[in-house]
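The values are calculated or read from the model by the stated rules, or taken from the named source; none is laboratory data. Small disclaimer: the values here were computed from a predicted structure and weren't measured. Cβ sites come from the backbone with ideal geometry, for glycine too, and all protein chains shown count toward neighbours. For accessibility, only protein heavy atoms count, side chains too; no ligands or nucleic acids. Shrake-Rupley method; radii C 1.70, N 1.55, O 1.52, S 1.80 Å.
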Amino acid sequence: MPRRAVVTGVTGQDGSYLAELLLEKGYEVVGVTRRLSAPNLERIEHLRGRVDLRQADLLDQMSLLSVIDEVRPHEVYNLAAMSFVPTSWTQPVLTGDYNAQGVTRLLDAIRRVDTSIRFYQASSSEMFGKVRETPQTEATPFHPRSPYGVSKTFAHYITVNYRESYDLFAVAGILFNHESPRRGLEFVTRKVTDGVARIKLGLADRLSLGNLDAHRDWGFAGDYVRTMWRMLQQDVPRDYVIATGVSRSVGDLVETAFGHAGLDWREHVRTDPALLRPAEVDHLIGDASKARAELGWSPAVDFERLIGMMVDADLARHRAPTPPLAVGASTR
Ligand code: NAP
Ligand code: GDD
């Protein structure tokens with residue numbers, strides 16, 4: 001009997017990579033989508049017919065309960081969230097409802113249907129926020145700096161609480177930033193690599209950015225989804241930090257991306273104060289020693305290769321006769 005997995009957020013960056021991985025491993029994959037007025041399946045187009053899509057929304061308890069009850073999965077991966085940090089200041093209540101109480105709704109549905117279902121929660125390095133120590137580990141205290149970070153901190157602790165209260169195999173991966181050619185266009189890596197491609201091809205001349213001094217620990221999303229699966233295959237449910245252990249600034253990112261295309265970033269990049277955040281997370285760098293020791297975590301793609309891969313993919317997309325729709329388009 002194949003194992004069955006439910007993946008929420010299957011239309012997102014991580015959801016698409018995780019669905020691929022689970023299919024490769026022989027799982028029956030049920031992807032949860034929310035009802036939209038137009039299709040939004042670009043990232044999983046190549047998996048069409050292989051992923052069973054069901055509609056449910058993190059805001060709607062009954063829809064979540066129905067999916068869990070009908071599918072009776074062995075594993076649930078909760079990747080759905082309002083994931084863009086700046087939007088969490090303009091929509092703080094909705095962010096909390098999706099990202100925090102949405103997780104309670106899902107955990108409670110699992111608890112009611114079958115306590116043997118294993119649960120993965122997408123926790124975030126944004127919970128470390130105004131960091132209390134460097135590098136950050138599973139023991140580092142949280143100090144979130146945005147409504148997004150606060151919502152993810154609630155979600156993290158409700159996952160721990162359901163594990164401790166109901167003996168669920170419920171774990172949280174505290175993942176640092178991970179990117180790919182499927183990253184939404186509003187996130188800084190993709191905004192930069194898409195901007196570089198457009199400038200290189202003469203479709204644009206400038207790129208406006210916010211804080212160039214922020215540092216992030218960036219890795220490749222394809223590497224990170226493998227550890228989500230591994231966390232649910234362990235004998236004991238534990239939470240893990242997943243990171244590369246290398247931190248680079250947004251300025252380094254800009255230089256690497258423009259350099260990859262043979263461009264001088266100083267001729268094209270402008271800073272715009274409107275893109276600064278009300279409270280910034282200045283410097284993230286993770287220590288994933290526990291995951292390296294217990295999960296065999298070892299990221300295959302380094303920063304330079306990641307950014308080069310993303311620039312090349314955006315160049316190819318813009319050169320295509322009819323460019324595919326860009327996922328995650330945004331005005332920011
Ligand atoms: P993403 O590309 O923005 O995808 C988010 C997914 O959540 C989309 O499929 C979206 O559906 C879905 N979603 C949003 N609201 C929903 C709702 N109310 N009901 C059902 N589905 C909903 O994000 P990602 O980068 O793949 O990240 C996956 C998860 O990991 C998120 O929880 C994120 O917060 C967390 N995380 C990400 C990173 C990172 O660096 N990527 C790091 C740490 C944690 P639509 O397509 O319909 O919008
Ligand atoms: N988006 C964006 N746009 N960020 C910019 C820009 C810009 O024009 N200019 C500078 N930055 C800086 C931000 O201020 C931030 O310090 C950094 O680039 C990274 O921003 P994002 O790429 O938007 O990601 P994030 O770190 O806020 O959040 C991502 O990573 C989290 C894990 O730490 C998201 O994927 C979250 O969902 C995830 O939890």
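Going by what's in this entry, would residue 312 be described as exposed (fewer than 12 other Cβ atoms within 10 Å of the Cβ) and at pLDDT 95 or above?
No.
With the requirement that a residue be open to solvent by less than 10 Å² (accessible area, probe 1.4 Å) and touching a Gly at 6+ places or on another chain (Cβ under 6 Å), what does segment 185-227 give you?
217
List every residue pair whose Cβ atoms lie under 9 Å apart, where the two residues are 6 or more positions apart in sequence or sit on different chains, the first residue falls within segment 259-286 and is open to solvent by 60 Å² or more (accessible area, probe 1.4 Å) and at pLDDT 95 or above, and the second residue, located anywhere, is within 16 Å of ligand 1 (Cβ to nearest atom) and assigned to a strand (DSSP E or B).
From residues that are open to solvent by 60 Å² or more (accessible area, probe 1.4 Å) and at pLDDT 95 or above, the pairs are 282/215; 283/215; 283/216.
Which residue, of 154, 119, 187, is within 15 Å of ligand 1 (Cβ to nearest atom) and over 22 Å from residue 10 (Cβ atoms)? Steps first, please.
On the way: 119 fails: over 22 Å from residue 10 (Cβ atoms); 187 fails: over 22 Å from residue 10 (Cβ atoms).
Step by step, each of 154, 119, 187 is checked, and only 154 is within 15 Å of ligand 1 (Cβ to nearest atom) and over 22 Å from residue 10 (Cβ atoms).
Let's see how each residue does on (1) open to solvent by less than 20 Å² (accessible area, probe 1.4 Å); (2) in the same structural domain as residue 15 (by TED's automatic domain parsing); (3) under 17 Å from residue 119 (Cα atoms); (4) not acidic (Asp, Glu):
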site	(1), (2), (3), (4)
45	no, yes, no, no
48	no, yes, no, yes
59	no, yes, no, yes
65	no, yes, yes, yes
69	no, yes, yes, no
73	yes, yes, yes, yes
76	yes, yes, yes, yes
79	no, yes, yes, yes
83	no, yes, no, yes
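Kindly provide the set of residues from segment 44-58 that are hydrophobic (A, V, I, L, M, F, W, C) and assigned to a loop (DSSP other than H, G, I, E, B), ordered by number.
Matches in segment 44-58: 56, 58.
Among the residues of segment 122-144, which ones are charged (D, E, K, R) and within 16 Å of ligand 1 (Cβ to nearest atom)?
Scanning segment 122-144 gives 126, 138.
Could you list, ordered by first residue, the pairs with Cβ atoms under 7 Å in which the first is in segment 215-227 and over 14 Å from residue 288 (Cα atoms) and the second is near ligand 2 (Cβ under 9 Å from one of its atoms) and open to solvent by less than 10 Å² (accessible area, probe 1.4 Å), at least 6 apart or interchain?
Correct list of pairs: 215/284; 216/284; 220/179; 221/179.
Within segment 238-258, track down each residue that is closer than 20 Å to residue 224 by Cβ and open to solvent by 40 Å² or more (accessible area, probe 1.4 Å).
Of everything in segment 238-258, those that are closer than 20 Å to residue 224 by Cβ and open to solvent by 40 Å² or more (accessible area, probe 1.4 Å) turn out to be 238, 246, 248.
Is it the case that segment 149-156 has a residue that's touching a Leu at 6+ places or on another chain (Cβ under 9 Å) and open to solvent by less than 20 Å² (accessible area, probe 1.4 Å)?
No: segment 149-156 contains no residue that is touching a Leu at 6+ places or on another chain (Cβ under 9 Å) and open to solvent by less than 20 Å² (accessible area, probe 1.4 Å).
Return yes or no: is residue 11 in contact (Cβ under 8 Å) with a residue 12 or more places away in the chain, away from ligand 2 (no atom under 16 Å from the Cβ) and among the polar types (S, T, N, Q)?
Taking the combined requirement at face value, the residue does not satisfy it.
Say we look at segment 93-125 and pick out the residues that are under 19 Å from the mean Cα position of the chain (by Cα) and open to solvent by 40 Å² or more (accessible area, probe 1.4 Å); which of these is farthest from residue 157 (Cα to Cα)?
Among those residues, the one meeting the criterion is 94.
Does residue 168 satisfy the criteria of being more than 26 Å from residue 300 (Cβ to Cβ), aliphatic (A, V, I, L, M) and not assigned by TED's automatic domain parsing to the domain that holds residue 74?
No: the conditions fail for residue 168.
For residue 41, all conditions in the list (1) away from ligand 1 (no atom under 14 Å from the Cβ); (2) over 26 Å from residue 101 (Cβ atoms) hold save one; what is the number of the exception?
Result: residue 41 fails condition (1) only.
If a residue has to be farther than 16 Å from residue 187 by Cβ, more than 12 Å from ligand 1 (Cβ to nearest atom) and not small (Gly, Ala, Ser) to count, how many in segment 62-88 make the cut?
11
Could you grab the pairs with beta carbons closer than 7 Å, sequence gap of 6+ or different chains, first residue in segment 34-60 and under 13 Å from residue 8 (Cα atoms), second one among the aromatic types (Phe, Trp, Tyr)?
Sorted first by the residue in segment 34-60, then by its partner, the pairs are 58/98; 59/98.
Got a sec? Which helices (runs of 4 or more DSSP H) wholly within segment 64-180 have at least 1 residues that are of a type outside the set (S, T, N, Q), away from ligand 2 (no atom under 13 Å from the Cβ) and in contact (Cβ under 8 Å) with a residue 12 or more places away in the chain?
By residue number, 92-96, 102-113, 147-166.
For segment 1-43, enumerate the residues that are open to solvent by 40 Å² or more (accessible area, probe 1.4 Å), over 19 Å from residue 81 (Cβ atoms) and outside any helix (DSSP H, G or I).
Within segment 1-43, 1, 2, 3, 4, 25, 26, 28, 37, 38, 39 meet the criteria.
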